[in-house]
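Presented below is the structure to which this report refers.
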Amino acid sequence: MTWFLDDPVFLQHDTGPGHPERSDRLRVISKLLQSSGLAAKCTVLPPVAAKATDIARVHPGAYLRHIEEFCSNGLGYLDPDTPVCPKSHEVALLASGALIAAVDAVLREDASPRERTAFCLVRPPGHHATPTKPMGFCLYNHIAVAARHAQAVHGLNRILIVDWDVHHGNGTQDIFYEDPGVHFLSIHRYGGGFYPGTGSTGETGTGEGLGTTQNVAIKQGVTRKAYREAFQQALEQAARHKPDLVLLSAGFDACRGDPVGDLGLEPEDFGELTKDIRDLANSHCGGRLVSLLEGGYHLEQLAESVKHHLAGLLKE
Ligand SMILES: [Zn+2]
């Protein structure tokens, strides 16, 4: 039974009127997962806030204090895209904590094959946050915090992070650019000034981490078939890292009609991509796979996409 972190507390990060990253995203997803019967097939874990020591593995203490203080001052913009409210700091810590709890759950020694996949339905997203800079709706880089937790607490040294959000996971890339223990694969729309502008195929890591960053740059206008083939090929290459855990930054803004991303994918495509990444996890790490909601801004398409993704995680 897939672990599933969904809690009304994640609605409390208020980004103000008209912002695409809004709490209605989670409301619409939750509603569909309940009505489709998928939520009932999952074990719900309550979120526990990440501790300062968890965050400190990725972000300096001064950064955490800055975010906390900025949020406590009321509504404001951390960067031109990233509004916060007094609750945002607390909610972001819970989102990081949710991912840590999910990692702990799938890595439990007695976890049955069905208990080795998890989905964290949380916000704000995280993959644009660098160690010292909030960016693109993101405060803390949850997937990086979870990977560092898996390294420090569980002693894992071959982690694979896959990021299929339509935007390049620049923050995650920055954090692990020199780390040979974490292979980072991002497939994203690239070119024509598309946000955030990084993620060319030439960015492959540095120092000891050379070769452990993998960018698949996709042009707008790609066919669904070509996208899937590019993803499958990239996973084949990433599998050479022989991961002992797979983490997934699952954004759904590559979906057709997404007001921010739109690479023309259909919601059911995310079921297929989920199958591909589960095949990899099954081959290398007993199926251990933790997924985190990143972007996705067309409410109906987002909810449908998450439904296909969760159904794929639940499939035996
Ligand atoms: Zn995105």
Candidates 303, 250, 281, filtered to the one that is closer than 22 Å to residue 197 by Cα and among the aliphatic types (A, V, I, L, M): 250
Residue match in segment 180-196 (condition: more than 15 Å from the ligand (Cβ to nearest atom), in contact (Cβ under 8 Å) with a residue 12 or more places away in the chain, on the phi < 0 side of the Ramachandran plot and in a loop (DSSP other than H, G, I, E, B)): yes
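Just to be sure before I move on: is residue 214 assigned to a strand (DSSP E or B) and more than 16 Å from the ligand (Cβ to nearest atom) in the structure I sent?
Answer is yes for this residue.
In segment 1-97, which helices (runs of 4 or more DSSP H) lie fully inside it and hold 3 or more residues that are touching a residue at least 12 places away in the same chain (Cβ under 8 Å) and farther than 25 Å from residue 291 by Cβ?
61-72
Residue check: is residue 11 surrounded by 15 or more Cβ atoms within 10 Å (Cβ to Cβ) and under 20 Å from residue 301 (Cα atoms)?
Against the criterion (surrounded by 15 or more Cβ atoms within 10 Å (Cβ to Cβ) and under 20 Å from residue 301 (Cα atoms)), residue 11 qualifies.
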Where a residue in segment 124-152 is more than 19 Å from residue 69 (Cα to Cα) and hydrophobic (A, V, I, L, M, F, W, C) and its partner, wherever it lies, is assigned to a helix (DSSP H, G or I) and within 16 Å of the ligand (Cβ to nearest atom), with Cβ under 8 Å and at least six apart: 143/172; 144/171; 144/172
Some residue of segment 224-242 being under 21 Å from residue 283 (Cβ atoms), free of Cβ contacts under 8 Å to residues at least 12 places away in the same chain and among the basic types (Lys, Arg): yes
Enumeration of residues in segment 267-314 that are within 19 Å of residue 107 (Cα to Cα), touching a Ser or Thr at 6+ places or on another chain (Cβ under 9 Å) and not in a helix (DSSP H, G or I): 287, 288, 289, 290, 291, 292
Filter result for the condition that a residue is farther than 20 Å from residue 142 by Cα, away from the ligand (no atom under 16 Å from the Cβ) and surrounded by fewer than 17 Cβ atoms within 10 Å (Cβ to Cβ), over 205, 286, 271: 286
Selection count, segment 160-190, where residues are over 19 Å from the mean Cα position of the chain (by Cα) and either aromatic (Phe, Trp, Tyr) or modelled with pLDDT under 95 (or both): 0
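Of the residues that sit in segment 112-129 and are outside any strand (DSSP E or B) and of a type in the set (A, V, I, L, M, F, W, C), which one is nearest to the ligand (Cβ to nearest atom)?
Here the residue is 129.
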Hits in segment 238-268 - residues which are closer than 27 Å to residue 211 by Cα and either surrounded by fewer than 20 Cβ atoms within 10 Å (Cβ to Cβ) or away from the ligand (no atom under 16 Å from the Cβ) (or both): 238, 239, 240, 241, 242, 243, 244, 245, 246, 247
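The values are calculated or read from the model by the stated rules, or taken from the named source; none is laboratory data. Model, not experiment: these values are computed from the prediction. Cβ atoms come from the backbone with ideal geometry, glycine included; neighbour counts cover every protein chain shown.
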